[in-house]
Amino acid sequence: MITFHNPHHAQHQGQFEMFRGQLVPCFEVPARVDDVLAELQRRKLGELRTPERFDVPALTTIHAPRYLDFLAGAWAEWVALDPANAARDALPSVWPGRTLRTDVLPANFAARMGLFSFDAGSPLTSGTWVAARAGADCALAAAQHVAQGARSAFALSRPPGHHAGADFFGGYCFLNNAALAAQHLRDQGVARVAILDIDYHHGNGTQAIFYDRADVHYTSLHGDPDTEYPFFLGYADERGTGAGLGFNCNLPLPRGTDFALWSTALKNALQGIDHFGAQALVVSLGIDTYEGDPISGFTLKSEDYLRVGQAIAGAGLPTVFVFEGGYAVAEVGINAVNVLEGFEQAC
Ligand code: OKP
Ligand code: ZN
């Protein structure tokens, strides 16, 4: 399997995220992707490539132009407020909650940070735009490769993407790489695309992007939002709307879920995808279901990920893997590559 990796990912390097009233060091660090890349090289799991450059219009298939403009210029605006800001990350602190307007675009930078975000855990840094854009290139290139007939491809990048919506960032995500990959498959002529999101957290951005569509089916296995981030989406009764009704499937699982229960849910998810009649699959590959993950609550073990890959291969679909979460830095490489190796062995 070819891996498209992002040579610019480390330009996004947040210092702190807001957690329980304090700024704590970011969990979403460059070492995550460096470790996966090193493990791919160690096990010689296929060719490593950097992606070609797609232009900004390729991103407007998913993202609002005014949001992309904001992201592209945000760092310059932040530093223009105060030259000392060059040494600090930008974090939002005010949001348009219920009854406040989201149709106006205030001149004030802090106001626009809030308009285009939903949490204070996703610092915007000097290289966020460069890194996120190159990550989108990885996802688009991987989708293109699969659309041209490859059995599979891996988009290895950070920051992750599945919490980012059409016009907002949050949950460490800025551009929705999995959504871009799914839409690219559609645009290349694949009629029905399924997204399987196995990150510990519900992919609220991806769900929202495709919620009213019947051509892209979203299924997610995740920590129950009643207790787990992102809290405000990801419940089992969210099944899609309008033409999209029946094309969204959430399988929330309690904290403490082990591989036996988790893999039963995976089997159900894959059955739904088969029933949908998907012609290609995009996997939001989060590895934060691992027992050692510092911010998550499932108990999967390293060897379980080989079976995850095998099970996904059993769907028999051209598959784009898109890297998402996974914060146990020492094991993230082994675990992610186990999924890919299990997949390849079963093909
Ligand atoms: C992104 B992805 C930790 C609180 C949780 C947000 C988690 C975002 C996860 N201090 N903060 O889905 O892995
Ligand atoms: Zn996650």
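All of the numbers you see were taken from the coordinates with simple rules; none came from a lab. All values reported here derive from a predicted model rather than from experimental measurement. Using ideal geometry, Cβ is built from the backbone for each residue, glycine included, and neighbour counts are taken over all protein chains shown.
Centroid-to-centroid, using Cα positions, the stretch 287-346 and the stretch 45-94 are 28 Å apart.
So what's the net charge close to residue 254: Lys and Arg +1, Asp and Glu -1, counting the other residues with Cβ under 13 Å from its Cβ? Within the 13 Å Cβ shell, the charges total -3. Shown in residue order for the stretch 162-178 are the 3J(HN,Hα) couplings computed by the Karplus curve 6.51 cos²θ - 1.76 cosθ + 1.60 at θ = phi - 60°: 6, 8, 6, x, 4, 9, 8, 10, x, x, 6, 10, 10, 10, 8, 4, 5 Hz (x for Gly and Pro).
Between residue 347 and residue 19, what's the calculated FRET efficiency when r is the beta-carbon distance and R0 is 51 Å? Round to 0.05.
0.80
Model label sites at residue 8 and residue 214, defined 7 Å from Cα along the beta-carbon direction, differ in position by 3.9 nm. Take the alpha carbon gyration tensor of the chain, find the square roots of its eigenvalues, order them as a ≥ b ≥ c, and report rounded if a/c is under 1.5; if not, report prolate when a/b exceeds b/c, else oblate. Since a/c stays below 1.5, the shape of the chain is classed as rounded. Look at where the Cα atoms of the stretch 112-139 and of the stretch 165-229 average out, and the two centres are 17 Å apart. Length gained on full extension, residue 110 to residue 227: 39.2 nm, using 0.36 nm per residue less the C-alpha separation.
Would you compute, from DSSP H runs of 4+ residues alone, the mean residue ellipticity of the chain at 222 nm, taking -39500 (n - 2.57) per run and dividing by the full residue count, rounded to the nearest 500?
Here the helix-only value at 222 nm equals -11000 deg cm²/dmol.
Each residue of the stretch 200-214 is assigned a 3J(HN,Hα), and the resulting list reads 4, 9, 4, x, 4, x, 5, 4, 4, 4, 10, 4, 9, 10, 9 Hz, derived from the Karplus form 6.51 cos²θ - 1.76 cosθ + 1.60 (θ = phi - 60°), x at Gly and Pro. Each Cα pair under 8 Å and six or more residues apart adds its separation to the average, and for the stretch 93-222 the resulting relative contact order is 20 percent. Distant-in-sequence amide contacts of residue 286, defined by a placed amide H-H separation under 5 Å and a gap of 5 or more residues or a different chain, comprise 198, 199, 324, 325. Electrostatic tally near residue 129: other residues with Cβ closer than 13 Å to its Cβ, Lys and Arg +1, Asp and Glu -1, net -2.
Please give the peptides 99-107, 232-240 ranked by average Cβ packing (other Cβ atoms within 10 Å per residue), highest first, as a rough proxy for protection. It would help to have the intermediate numbers written out before the result.
Numbers: 99-107: 9.3, 232-240: 14.6.
The peptides rank, most packed first, as 232-240, 99-107.
Across the chain, C-alpha contacts under 8 Å between residues 6 or more apart give a mean separation that, scaled by the residue count, equals a relative contact order of 18 percent.
For the pair residue 80 and residue 100 in one chain, pulling the backbone fully straight at 0.36 nm per residue adds 4.5 nm over the alpha carbon distance.
Against the chain, whose longest principal axis comes from its Cα atoms, helix 329-346 is set at around 40 degrees. Using the Cβ of residue 298 as centre and a radius below 9 Å, the other residues enclosed give a net charge of -3, where K and R count +1 and D and E count -1.
Taking the highest mean first, how do the peptides 130-137, 12-19, 338-345, 255-262 order by number of other beta carbon atoms within 10 angstrom per residue?
On the way: 130-137: 25.5, 12-19: 18.5, 338-345: 20.8, 255-262: 15.1.
Ranking the peptides 130-137, 12-19, 338-345, 255-262 by packing returns 130-137, 338-345, 12-19, 255-262.
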